[in-house]
Amino acid sequence: MSEELVYHTPVMLKESVDGMQIEADSICVDVTFGGGGHSREILGRLGKKGHLYSFDQDEDAEKNAPDDKRFTFVRGNFRFLYNFMRYHDVEGIDALLADLGVSGHHFDDETRGFSFRFDAELDMRMNKRGGETAADLLNNAPEEKLAKIFKLYGELNCSRKLASAIVKRRATSPFRRINDLLEVAKPFCPPQREKKELAKVFQALRIEINKEVESLEEMLEQAKELLKPGGRLVVITYHSIEDRIVKNFMKSGNVEGIVEKDFFGCVKSPFDVSKIIVPTDDEMVKNPRSRSAKLRIAIKKGE
Ligand SMILES: C[S@@+](CC[C@H](N)C(=O)[O-])C[C@H]1O[C@@H](n2cnc3c(N)ncnc32)[C@H](O)[C@@H]1O
């Protein structure tokens, strides 16, 4: 079977869907549908009266949508979770799953520009219908902004030097393709760590292009409002930036991570937080993309 046919291999499938504690009549949301692996597992656990709303901003994902009366596909950004739910007359939800970031399909599709394995156009947009491409960003962003993106989202030590080299190169020859970026970035990567460092460069650009941090923060705030008491927030993260946001949010109930304490010094949070779960050794061998995954579960406290 070709990799394209696989679209995406779901990560921590059982652990994450177990964490949603689905009942026959639950109203569930999967904000990151992708290949639909998690969504199909959720549907398998719902009864006739349950319903699943699944979001994806990438039109490629919609082709994987199951034909099921208990299922609604929402082609949109999960940062508008609250409005989409109101549009569908949903006032409260029992469980929400977010399996963050890009899918295997994004890395394996030679035309999307997410992977340095292929010389594609520098695009990197999950939603191809609009917004700035990676080429636009590299050709137009001020040097300071580029350096900040590489530092914050790629945690790269060479962020300033790389930003300066990008600005120098674009003065004579604008960025169009992956190879243009590789020419500039490779000299900053020690040969023994080249792939890891390039992965960080690409991760940083992808996070900025898709406004992943802002979308995550906005979605979490809205999920807090929509979850019913006892409702479950289940999130799988793949890098330290998003994991820090989710961890702080679950602990404090706000994306700033500001912890409030009561008179007795106990942390006041709208959530009870479960232990962090990581993939088994077996899963990491079978699905190398799961290696960096972390699963966090929070339960909305009662009124
Ligand atoms: C890691 S994949 C999810 C894979 C899925 N759980 C499965 O089993 O196939 C993440 C998916 O979420 C989508 N996505 C990421 N950020 C999004 C956002 N802000 N709004 C809507 N969809 C988003 C991506 O397009 C991608 O298809």
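If you scan segment 75-107, which residues turn out to be more than 8 Å from the ligand (Cβ to nearest atom) and part of a loop (DSSP other than H, G, I, E, B)?
88, 89, 90, 91, 92
In segment 39-52, which residues are assigned to a helix (DSSP H, G or I) and either under 18 Å from residue 89 (Cβ atoms) or near the ligand (Cβ under 6 Å from one of its atoms) (or both)? Reasoning before the result, please.
Let us first name the residues in segment 39-52 that are assigned to a helix (DSSP H, G or I), namely 39-45.
Those that are assigned to a helix (DSSP H, G or I) and either under 18 Å from residue 89 (Cβ atoms) or near the ligand (Cβ under 6 Å from one of its atoms) (or both): none in segment 39-52.
If I filter segment 147-160 down to residues being in contact with a Phe, Trp or Tyr (Cβ under 6 Å, 6 or more places away or on another chain) and of a type outside the set (S, T, N, Q), which single residue comes out as nearest to residue 209 (Cα to Cα)?
Here is the first cut: in segment 147-160, the ones in contact with a Phe, Trp or Tyr (Cβ under 6 Å, 6 or more places away or on another chain) are 156, 158-159.
Checking the rest, the ones that are also of a type outside the set (S, T, N, Q) come to 156, 158.
Values: 156: 17, 158: 20 Å.
So the residue we want is 156.
Out of segment 1-38, which residues are of a type outside the set (S, T, N, Q), part of a loop (DSSP other than H, G, I, E, B), surrounded by fewer than 18 Cβ atoms within 10 Å (Cβ to Cβ) and at pLDDT 95 or above? Working first, answer last.
Quick first cut of segment 1-38, residues of a type outside the set (S, T, N, Q) only: 1, 3-8, 10-15, 17-20, 22-25, 27-31, 33-38.
Going one step further and asking which of them are part of a loop (DSSP other than H, G, I, E, B), we end up with 1, 7-8, 10-12, 20, 22-25, 31, 33-36.
Restricting the remaining residues to those that are surrounded by fewer than 18 Cβ atoms within 10 Å (Cβ to Cβ) gives 1, 23-25.
Matches in segment 1-38: 23, 24, 25.
Within segment 211-232, which residues are more than 13 Å from the ligand (Cβ to nearest atom) and part of a helix (DSSP H, G or I)? Lay out the reasoning, then the answer.
Kept after step one, since they are more than 13 Å from the ligand (Cβ to nearest atom), are these residues of segment 211-232: 221, 224-232.
Once the filter is applied, which keeps residues that are more than 13 Å from the ligand (Cβ to nearest atom) and part of a helix (DSSP H, G or I), segment 211-232 yields 221, 224, 225, 226.
Looking at segment 233-256, which of its residues are assigned to a loop (DSSP other than H, G, I, E, B) and in contact (Cβ under 8 Å) with a residue 12 or more places away in the chain?
First pass over segment 233-256, keeping only residues assigned to a loop (DSSP other than H, G, I, E, B): 238-239, 253-256.
Once the filter is applied, which keeps residues that are assigned to a loop (DSSP other than H, G, I, E, B) and in contact (Cβ under 8 Å) with a residue 12 or more places away in the chain, segment 233-256 yields 238, 239, 253, 254, 255.
Which residues, counting only those in segment 39-78, are crowded, with 20+ Cβ neighbours inside 10 Å and either aliphatic (A, V, I, L, M) or without any contact (Cβ under 8 Å) to a residue 24 or more places away in the chain (or both)?
42, 43, 46, 52, 61, 74
With (1) more than 17 Å from residue 99 (Cα to Cα); (2) at pLDDT below 95; (3) surrounded by fewer than 11 Cβ atoms within 10 Å (Cβ to Cβ) as the list, and residue 273 as the residue in question, which single condition is left unmet?
(3) is the only condition that residue 273 fails.
Looking at segment 202-212, can you tell me whether even one residue there is surrounded by fewer than 17 Cβ atoms within 10 Å (Cβ to Cβ) and in contact with a Phe, Trp or Tyr (Cβ under 7 Å, 6 or more places away or on another chain)?
Taking segment 202-212 first, the residues surrounded by fewer than 17 Cβ atoms within 10 Å (Cβ to Cβ) are 211.
Of the ones still in play, those that are also in contact with a Phe, Trp or Tyr (Cβ under 7 Å, 6 or more places away or on another chain) are none.
The answer is no, given that none of the residues of segment 202-212 is surrounded by fewer than 17 Cβ atoms within 10 Å (Cβ to Cβ) and in contact with a Phe, Trp or Tyr (Cβ under 7 Å, 6 or more places away or on another chain).
For segment 233-264, give me each residue that is more than 16 Å from the ligand (Cβ to nearest atom) and of a type in the set (D, E, K, R).
As a first pass, look at segment 233-264 and keep what is more than 16 Å from the ligand (Cβ to nearest atom): 240, 244, 247-248, 250-254, 256-264.
Scanning segment 233-264 gives 244, 247, 251, 256, 260, 261, 262.
Looking at (1) touching a helix residue (DSSP H, G or I) at 6+ places or on another chain (Cβ under 8 Å); (2) within 12 Å of the ligand (Cβ to nearest atom), which is the only condition residue 62 fails?
Result: residue 62 passes all but (1).
Among 138, 152, which is assigned to a helix (DSSP H, G or I), surrounded by fewer than 16 Cβ atoms within 10 Å (Cβ to Cβ) and either at pLDDT 95 or above or assigned by TED's automatic domain parsing to the domain that holds residue 75 (or both)? Can you show your working first?
Working: 138 fails: surrounded by fewer than 16 Cβ atoms within 10 Å (Cβ to Cβ).
Matching residue, one of 138, 152: 152.
With the condition kept exactly as written, say whether any residue in segment 119-133 is in the same structural domain as residue 190 (by TED's automatic domain parsing), surrounded by fewer than 19 Cβ atoms within 10 Å (Cβ to Cβ) and touching a Ser or Thr at 6+ places or on another chain (Cβ under 6 Å).
Taking every residue of segment 119-133 in turn, none turns out to be in the same structural domain as residue 190 (by TED's automatic domain parsing), surrounded by fewer than 19 Cβ atoms within 10 Å (Cβ to Cβ) and touching a Ser or Thr at 6+ places or on another chain (Cβ under 6 Å).
The values are calculated or read from the model by the stated rules, or taken from the named source; none is laboratory data. Just so we're clear, the structure is a prediction, and the values are computed from it rather than from any experiment. All Cβ positions, even for glycine, are placed from backbone atoms using ideal geometry, and neighbour counts span all protein chains on display.
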